[in-house]
Every structure is written in C-alpha cells, then in structure tokens.
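In what follows, a single structure is set out as structure tokens and then discussed.
The values are calculated or read from the model by the stated rules, or taken from the named source; none is laboratory data. These numbers were taken from a predicted model, which means no experiment stands behind them. Cβ: placed from backbone, ideal geometry, glycine included. Neighbour counts: every protein chain shown.
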C-alpha cells in the first residue's frame, strides 16, 4: 500500500501541504524488491496456461463443461447450434463478466492498490484472449468429432494467440490433424471398445463362477490391449511428423509439442501395464504380495501415484483399472484351482476340469464396502484381502479387518468380502468407462432414427388424410342437404309458376268474346281439312 497522503496534514496550514508534497517526493512508490516482485508476477501471468488462468478465476470446470455439452451433440441429444448458443449465453457471458471485474472501469478498480493494478490489467488482457480463443474454437472446430476444448488446457494462452492469429493455421497442419483423428477413431477407439466389452464380460464370468468364460474373455481383452498399443505407437509416430510440420508455425509448434509429450507420457504408462501383463505368475505374486505401503491405493500394473494421476481418463485409465481387477480375479482362480494344476501332471484328464470347472463362491454384505464410492479405498481393500486370502499375509488381514470394522477374519470370509469388493469395483468401472459407439453403430442408430422419423411423418400424414376425408364427407353431406333443399324449393316454385300460367289462361279465355272463339275454331278446322 502507498502511504496516506493526508497523514499529518492540516487543511488550514499551507506549510503542512508543502511538507506533504516534499514527503511524497522523498518516499518511492515501491522498493526495488517490490518492483522485482511485480515483474515476476507479470511474467507468471504471461506464462499461464488456459487451465492455470481458469483455476485462478475458480472456473476449473469450464473446459470440461464445454466438452460435456459437446458430447451431448455427438450423442445426438443436442444440435451444434444448441452448443453454440450454450457457449454464447453461459460460457462467454461468464468470461465477459470476469473480464469486467479487472477493468479500470470497474467499481472496485479504485479500491485496488496501485501496485496491484498492472496485474489486474494483465489478467484482463489474458481473459480477453481466452474469450477470443474459445470463441474461435466454438465457431470453427466444435463441429469436428475429434475436437475437445480440454485438449488445449495445457497450452499457454499467449502462444495460442487470439482469434486473428488462429485463422492463419495452415491447411497442411489441419490436414495432419485430420490424420491424427483418423488414427484415433479407426485404430484406438475400436480396440478400446473391444477391450472394455471383453473385460466386462470376463468379470461377469468370474462373478457368475464360470472360470472358462472368465479366461476366454480375459484373453480377448489382452488381445485388444495389444492391438491398442500398436495403434498408439502409430499415433506417436504421426505426432512426431506433426511436430516437424509445425516447426515453421510459431503458434502451432508448442501445441504440437504438448500433444506429443502427452502421448509419450500415456505411452510410458501403457508400457508399464504391458510389462505387468508379460510377467510370470511368480513375478506377479511377488509384486502383489510385497507392494510398498505407499502404493496400496493404486493398481498393481503401475503401482505409483504419479503415473496413476497422469493416466488419461478416456484413453489410458480404463486399461489400468480393468487389467488390475482382472489380475485380482486371476489370482483368486489360481489359488482355487492350484490343487488341480498339481494333479494335472499325474492325471491328464484333470486339464479338462481346470478349463471347465465351475467354482461356487458366496458374496459378503459388508456395510463399509456397500457404501463405498471411493475407488482408492476399493484398491486398498482388494489388496489387503487378496494378499491375506492368496498368500496368507496376516498383517494385511488385520488391516482389512480394521478397515472393514470387523472383529475377526478367516480365509473363507476374506474370499466372500473380496468378491463383494470385486462386485463394487466392477460396477464402478462399468459406470465410469462405457464403450463408445463405433462408426457403424452410429450409422445404424441414425438410420433407425430416420426410419422412426419417417414412420412418424407417414402416420401424421395418414392422420391428416383421414381428417381431410372426414372434412370432405361433412362438406359433401352439407352440400347434399343444400341440393335437396334447393331442389325442393325449385320444384315448389315450378309448380307455383305452372298454376299461375293456368290461371292466366283461364282469365284470358274469359275475356275473349264467344263469336271470336267460334271463328277461330272454324278457321282451325278448315285449315286441317285443306291439308288433308
């Protein structure tokens, strides 16, 4: 804060005023350290990403909200026009209000200390840039299937530029983005969908006590994962080419670099998952039984907090979670059929029973598990119960009993609790990770919707024709009644006319003399004779 200029001043004393002026000249507005701090603050603002800026403004969910609304467009629940209206009325309006808070015209501006005003102006400029960037994305990119606002969350606002600079993005860059989109939807998404469906089917095989189905679907899921890895490597290669293409574009190069780095990060996590799958049974048992205390809340296949938090929710985390739960189920089955495996070396026919054996398990009903919506707690409980049941880890058995608020635990009860955890875990994953509809499913749905629409239109048209027919019947009936009335009226009028004519003839006859009538009669008779 600046010192108060009226401190110690007297309005009646000119000398005091002069003294204050001199005092102001002697005291600097900010020390060197303050100036350096202000400079550092402005540098921080300059380097802020889209995500950083929105967090400061307590609008963390803005990009994900836009993506959620855009998802409804892709699902056919909304139109792209609805989405653009949502952006205009909800998002842009909010950003505009936030921008006005930092404006020199704001009512709060004069309450702001002098040293804070440059930062406020920098924030307003940053917000105005964000408005321009998001507006450009909304108007020009939102109609593309592969577009997500959050994809640019890690990009620096100053490097994205404003709407005018975004318009300069070359066709070659956009075309390469199209190729990346093709890889995503033709290579990655179908394999991800297949993996999710097979994983869910495998767990259902386990929970329904069908070992054969569990193993078959688990193998299918792992095959889909391997195909996904191949597609991901193709994506990484194309992103490297994309980075080369963007080297001459100062705006797109950091975005391309960010995309490549993110791809590499997810690739490293997927490689850890693959390494876990390639371990021998003994290696996996050692890993699971001796997992570090700090990592008990995280899946075995990556087993560290940082990788777990970095895993992309849509394209990496599903593999991490499902391979973790499938590994847990597999360890249980290995223990349950271990005696058969030993016997199979002496009795070959036992192999048949291993692959077709149906194991009957009971499911516990523990209140802690039933009410838990915390995935990390389910990870921890599954670890405690699995290591106690499969490897006899007494320490983890005690921790499980303590976490579940039960007095004692034995092997049979541990299995029942573990099955309940697996059910809760599976239900959570099934709600969280739903397979995306592939291209052909979307086309089929569109065709069905079209047929339904056409059927509705035909039915509406038929109803309209029925209504028109009924209307014409009514009109015809009314016309018929009118014609009948008119005919009756005309007939009566004709009869009256005939009657008047007869009366007129009678009157005429009465007025003609008798001799004239006889003479006319004779002339008529003569005329008839001469003609004969």
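The rows are residues; the columns are (1) modelled with pLDDT under 80; (2) touching a helix residue (DSSP H, G or I) at 6+ places or on another chain (Cβ under 7 Å); (3) outside any helix (DSSP H, G or I).
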site	(1), (2), (3)
89	no, no, no
110	yes, no, no
123	no, yes, no
142	no, yes, yes
173	yes, yes, no
182	yes, no, no
197	no, no, no
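Checking residue 489 against (1) at pLDDT 80 or above; (2) over 30 Å from residue 331 (Cα atoms), which test does it fail?
It is condition (1) that residue 489 fails.
Going by the structure shown, is residue 193 at positive phi and at pLDDT 70 or above?
No.
For residue 240, only one of the following conditions fails: (1) modelled with pLDDT of 90 or more; (2) over 22 Å from residue 435 (Cα atoms); (3) crowded, with 19+ Cβ neighbours inside 10 Å. What is its number?
(3)
Could we say that residue 150 is in contact with a helix residue (DSSP H, G or I) (Cβ under 8 Å, 6 or more places away or on another chain), modelled with pLDDT of 70 or more, assigned to a helix (DSSP H, G or I) and more than 22 Å from residue 219 (Cα to Cα) here?
Considered against the rule, which asks whether it is in contact with a helix residue (DSSP H, G or I) (Cβ under 8 Å, 6 or more places away or on another chain), modelled with pLDDT of 70 or more, assigned to a helix (DSSP H, G or I) and more than 22 Å from residue 219 (Cα to Cα), residue 150 comes out as yes.
Could you tell me whether segment 421-431 includes any residue that is farther than 22 Å from residue 219 by Cβ, at pLDDT 80 or above and surrounded by fewer than 13 Cβ atoms within 10 Å (Cβ to Cβ)?
Yes.
So the check is Cβ under 7 Å with 6+ separation or different chains; which pairs have a first residue in segment 72-95 that's on the phi > 0 side of the Ramachandran plot and a second one that's at pLDDT below 90?
So the pair list comes out empty.
Is one or more of the residues making up segment 289-304 assigned to a helix (DSSP H, G or I) and under 28 Å from residue 191 (Cα atoms)?
no
Under 17 Å from the mean Cα position of the chain (by Cα) and exposed (fewer than 13 other Cβ atoms within 10 Å of the Cβ), is that true of residue 93?
Judged against the criteria, residue 93 is not a match.
Output the number of residues of segment 276-305 satisfying the condition of being closer than 17 Å to residue 321 by Cβ, at pLDDT 90 or above and surrounded by fewer than 19 Cβ atoms within 10 Å (Cβ to Cβ).
1
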